[in-house]
Amino acid sequence: MLHFQCRLFYKFSGTKMHTLGQNMTCEVRKMREQLQLVRKIVPDMADELVKRYRILKTVKLLEPCGRRLVVLSMGMTERTVRGEIEKLNAQGLVKVTKTGMSVTEDGFLVLERLKPLFAELTGLSDLESRICDLLGARSVLLAQGDYDESERTKKEMAQMGVRLLLDTMRKSSRIAITGGTTMAALVEAMPDAAAHHAEMVLPARGSVGRKLELQADTLAARLAEKIGAEYRMLHLPDNLSPIILNEMKKEPEIAETIEELKRVDILLLGVGDAMEMAEKRRLDAATCQMLREKHAAAEACGYYFDHSGQVVYETNSIGIDFRTVQHMQRVIVSAGGKKKAASLLALSKSMTNAVFILDEGSALEMLKLAEG
C-alpha cells in the first residue's frame, strides 16, 4: 500500500500535475452541477456522502486503527461509525483485520478522486481561497478540524506536507527543516524511499530545547534517511556571545554547513508564538521585555516578527538567513491551532512566496482577527 501511494505521489509532477489540476477543476464543476440536480430529488445525499467520506479519510489517517479510535476522533456515535464501516467494508474500500482497520487501494483512489468535490461540499475550498487572499500566499492547504484538539488533524497536515514536498523536490534539491512537533509529524509521515530523491537535508538552525526528537538536527537526519539524501548537523546552542559565534563559524565542519545553507532551495518552516518561544529559548528578562514593547507576535528560525511582519529581534545563532527565503524555490510553512493565528498573520507579511499548510481552527481564528 505504501509503495502504491508513493507511485501516485510521483506520477503527476510538473506539467502533468498542472493539466490534471485543470481537468479536475472542470470535472468538479460538472459534478457540482449534477449534484445540485440530484439534491432536489435526494436532499440528504450530500450529507451522507460527506459523512462517509470523512469516516473513510479518518481510517486512512489513523490506520491501522480500531473502531473506538475513529469514534473518538470524529465525535460520532459508535453505532453510526460501526454501520458506516460495515458498508465501506462491503464495498471493498476498508479492510478489517485483527490488527485494525485500514483503507484498501480502491479506497485510497476514491479519497483522491473525491477530494476536490469534498472540499467544495464542506466549504474548505472557499475557506482556503479566503485565507490565501488574507495571507497573500502562493497557496493554502487546509486540514479538517483543530490541530490542538485532534490527532487526526495533525496527521492530515503531516500528509499534506509530505505530498507537497514529494511533488517539489528533485534529486538536486537541498532542503532545510526547522524543529518542533509539526515538522516531526511531517518527517514521521514521510514514506521510506527506495531511491535517491534529494541531494541534502540540513537543519534550518542550531538545535533548540531539551527534547532531542524535536530538534532540527534530529529531524534533518531522519528526513535524509527516508528520502535517500546526505545531511549535515549543527550542534550549537542558542544565544552564543558574538565572539564565540564568530569563532564557531570558522570551524571547518560548521563553515561547510553554513555554505550549504546558502544553497538551500526548499525550506520546511514551523511557526511559533513569539513570547512562548522566547521562554523556551530562555531569553533574558531584558530581551523579553523588549519583545513585548515591540509587540513581537511570531518566531521562525530564530527571527522574531511584529504584527506588520518586520523583524524586531534575531537570536545569536547559526542557521538560515531569512533575507534569502524569498529567493528559494519553495517555502512550506506548516502550523495549526487557534493560538497560532496571530503568529501566522504576522509571518505572512514577509512570506509572499510560501505555501501554507494549516487547519480549520487557525484559519477561522485568522478571519476573526482580520475582521476585528
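Conditions (1) surrounded by 15 or more Cβ atoms within 10 Å (Cβ to Cβ); (2) within 18 Å of GLU48 (Cα to Cα); (3) without any contact (Cβ under 8 Å) to a residue 12 or more places away in the chain, marked per residue:
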residue	(1), (2), (3)
GLU63	yes, no, no
GLU86	no, yes, yes
ALA90	no, yes, yes
LEU93	yes, yes, no
VAL96	yes, no, yes
ASP106	no, no, no
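Taking the condition free of Cβ contacts under 8 Å to residues at least 24 places away in the same chain and either farther than 19 Å from LEU56 by Cα or β-branched (Val, Ile, Thr) (or both), does VAL110 pass?
Working: free of Cβ contacts under 8 Å to residues at least 24 places away in the same chain: no; either farther than 19 Å from LEU56 by Cα or β-branched (Val, Ile, Thr) (or both): yes.
No.
Return the total of residues in segment 42-60 being closer than 22 Å to GLN159 by Cα and either of a type outside the set (A, V, I, L, M, F, W, C) or open to solvent by less than 10 Å² (accessible area, probe 1.4 Å) (or both). Give the steps one after another, and end with the answer.
Just the residues of segment 42-60 that are closer than 22 Å to GLN159 by Cα, to begin with: 50-60.
Now drop any that are not either of a type outside the set (A, V, I, L, M, F, W, C) or open to solvent by less than 10 Å² (accessible area, probe 1.4 Å) (or both), which leaves 51-60.
Final tally of qualifying residues: 10.
Do we have GLU78 as out of contact with any Ser or Thr (no Cβ under 8 Å at 6 or more places or on another chain) and farther than 24 Å from TYR147 by Cα here?
Taking the combined requirement at face value, the residue does not satisfy it.
Each row is one residue, and each column tells you yes or no for (1) closer than 23 Å to LEU358 by Cβ; (2) among the acidic types (Asp, Glu); (3) surrounded by fewer than 18 Cβ atoms within 10 Å (Cβ to Cβ); (4) touching a Phe, Trp or Tyr at 6+ places or on another chain (Cβ under 7 Å).
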position: GLN144; (1), (2), (3), (4): yes, no, no, no
position: GLY161; (1), (2), (3), (4): yes, no, no, no
position: LEU164; (1), (2), (3), (4): yes, no, no, no
position: SER173; (1), (2), (3), (4): no, no, no, no
position: ILE244; (1), (2), (3), (4): no, no, yes, no
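Identify, please: which residue in segment 189-202 is farther than 17 Å from LEU234 by Cα and surrounded by 16 or more Cβ atoms within 10 Å (Cβ to Cβ) and is, among those, farthest from the chain's Cα centre (by Cα)?
First pass over segment 189-202, keeping only residues farther than 17 Å from LEU234 by Cα: 189-199.
Still in the running and surrounded by 16 or more Cβ atoms within 10 Å (Cβ to Cβ): 189-190, 193, 197-199.
Details: ALA189: 11, MET190: 12, ALA193: 20, HIS197: 19, ALA198: 19, GLU199: 22 Å.
If we take residues in segment 189-202 being farther than 17 Å from LEU234 by Cα and surrounded by 16 or more Cβ atoms within 10 Å (Cβ to Cβ), then GLU199 is farthest from the chain's Cα centre (by Cα).
Has segment 171-191 got any residue that is modelled with pLDDT of 90 or more and more than 16 Å from ALA220 (Cα to Cα)?
Yes, there is a match, as at least one residue in segment 171-191 is modelled with pLDDT of 90 or more and more than 16 Å from ALA220 (Cα to Cα).
Take residues that are in contact (Cβ under 8 Å) with a residue 40 or more places away in the chain and within 24 Å of the chain's Cα centre (by Cα) and tell me which of the strands (runs of 3 or more DSSP E) falling wholly in segment 245-339 contain 1 or more. It would help to see each step written out before you state the result.
Values: elements: 266-270, 296-300, 303-306, 311-314, 330-334.
Because the criterion is at least 1 residues that are in contact (Cβ under 8 Å) with a residue 40 or more places away in the chain and within 24 Å of the chain's Cα centre (by Cα), the strands (runs of 3 or more DSSP E) in segment 245-339 that meet it are 266-270, 296-300, 303-306, 330-334.
Before we move on, is GLY337 open to solvent by 10 Å² or more (accessible area, probe 1.4 Å) and out of contact with any strand residue (DSSP E or B) (no Cβ under 6 Å at 6 or more places or on another chain)?
It is false that GLY337 is open to solvent by 10 Å² or more (accessible area, probe 1.4 Å) and out of contact with any strand residue (DSSP E or B) (no Cβ under 6 Å at 6 or more places or on another chain).
Exactly one condition in (1) open to solvent by less than 30 Å² (accessible area, probe 1.4 Å); (2) touching a residue at least 12 places away in the same chain (Cβ under 8 Å); (3) in contact with a helix residue (DSSP H, G or I) (Cβ under 8 Å, 6 or more places away or on another chain) is not met by GLY100; state its number.
Unmet condition: (3).
Go through segment 357-372 residue by residue and tally those that are open to solvent by less than 10 Å² (accessible area, probe 1.4 Å) and out of contact with any helix residue (DSSP H, G or I) (no Cβ under 6 Å at 6 or more places or on another chain).
Of the residues in segment 357-372, 1 are open to solvent by less than 10 Å² (accessible area, probe 1.4 Å) and out of contact with any helix residue (DSSP H, G or I) (no Cβ under 6 Å at 6 or more places or on another chain).
The values are calculated or read from the model by the stated rules, or taken from the named source; none is laboratory data. Just so you know, these numbers come straight off a predicted model, no measurement behind them. Note that we place each Cβ from the backbone using ideal geometry, even for glycine, and neighbour counts take in every protein chain shown. We work out accessible area using only protein heavy atoms, side chains counted, and drop any ligands, DNA or RNA first. Shrake-Rupley method; radii C 1.70, N 1.55, O 1.52, S 1.80 Å.
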